[in-house]
Amino acid sequence: MPYRHCVAGLAWLICLPAMADTIRFYLPPIPAIYEERAGQPAGLYVDLLQHMASHAGISLHFYLASRPRILQSLQRQDDACTAVTLAANAPPPASMQYVYPMGQTQAVMFTRPGDVLPLAALAQVPQERRMVFGEGVASVLQQRGMVVPQRSESLQEAVAMLQAQRVRVLFATRAALSRLPPGTLEPGPELGPLVSWFACSARMPAAMTTRLASAWAKVPLPRF
């Protein structure tokens with residue numbers, strides 16, 4: 001498969017011959033889910049997206065980006081998509097089109113291995129020792145009446161801070177951490193279900209979103 005860099009370290013272009021339509025896919029780096037390895041896109045989402053693209057007859061541009069940049073791109077570009085995880089019982093915002101549900105996961109409270117912390121004991125942990133990764137996880141905390149702690153745009157950074165004992169608790173999804181080596185973190189209480197959506201710009205033509213949804217329906221999706 002032909003490949004070249006678009007922007008070194010930040011963007012990739014996957015070229016599929018004889019495919020005229022192009023979609024730009026943005027996501028923050030998530031270990032083994034969506035990342036760069038030796039200058040190439042890799043991870044579970046990349047595999048799934050390439051499978052979907054083959055059914056849809058499109059080419060894909062892959063980008064690593066922060067959430068603020070992703071939101072800006074979806075507002076400006078009519079060919080931009082991302083993955084958005086939302087609380088299962090929350091109505092999706094109207095700022096983008098929610099094309100296909102790629103699966104359900106759980107918001108979980110993680111600690112370091114051996115640091116077992118019941119949810120009832122969370123009050124003993126100061127707010128500055130807590131961190132959250134993911135807007136959907138933050139919304140689950142809000143629904144439970146919990147204060148949303150400091151947020152991390154990088155899952156790698158959040159895990160490193162937990163391992164270095166700079167924070168004691170990390171709220172994240174089971175899906176996001178599913179590809180870390182066993183024993184990296186201690187999974188604790190489940191906080192609520194979330195749905196992971198393939199979402200696109202509100203400006204994307206309906207014909208393309210229908211085409212993408214039809215292609216996703218043919219992709220075997222993982223369970224978390």
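Bear in mind that the values in this text are calculations on the coordinates, not laboratory data. No experiment lies behind these values; they were computed from the predicted model shown. Quick reminder, even Gly has a Cβ in these numbers, built from the backbone with ideal geometry, and neighbours come from all protein chains shown.
Mind pulling up the Rg/Rh value for region 128-195? Radius of gyration and Kirkwood radius, both on Cα.
0.92
Cα extents of the chain along the three principal axes, largest first, in whole Å?
Largest to smallest, the principal-axis extents are 58, 38, 30 Å.
Sort 65-77, 25-37 by the packing proxy (mean of other Cβ within 10 Å over each peptide's residues), most packed first. Don't skip to the end; give the middle numbers.
Values: 65-77: 15.9, 25-37: 20.5.
Going by the mean number of other Cβ atoms within 10 Å, highest first, we get 25-37, 65-77.
Starting from the alpha-carbon convex hull of region 29-157, give the projected area averaged over all orientations, in nm². Present the calculation step by step, with values, prior to reporting the outcome.
Values: hull surface 39.8 nm².
So the Cα hull casts an average projection of 9.9 nm².
Which GluC sites (Glu not before Pro) in region 107-165 pass both tests, a DSSP loop state and at most 11 other beta-carbon atoms within 10 Å?
none
Using modelled backbone amide H atoms (1.01 Å from N, in-plane), which distant-in-sequence or interchain residues come within less than 5 Å of Ala88's amide H?
Leu194, Val195
If I take every Cα pair under 8 Å that is 6 or more residues apart in region 15-167, average their sequence separation and divide by the length, what percent do I get for the relative contact order?
Here the relative contact order equals 24 percent.
Whole-Hz ³J(HN,Hα) for each residue in region 46-54, computed from phi via Karplus 6.51 cos²θ - 1.76 cosθ + 1.60 with θ = phi - 60°, x for glycine and proline: what do you get?
Here the 3J(HN,Hα) series is 4, 4, 5, 5, 5, 5, 4, 4, 5 Hz.
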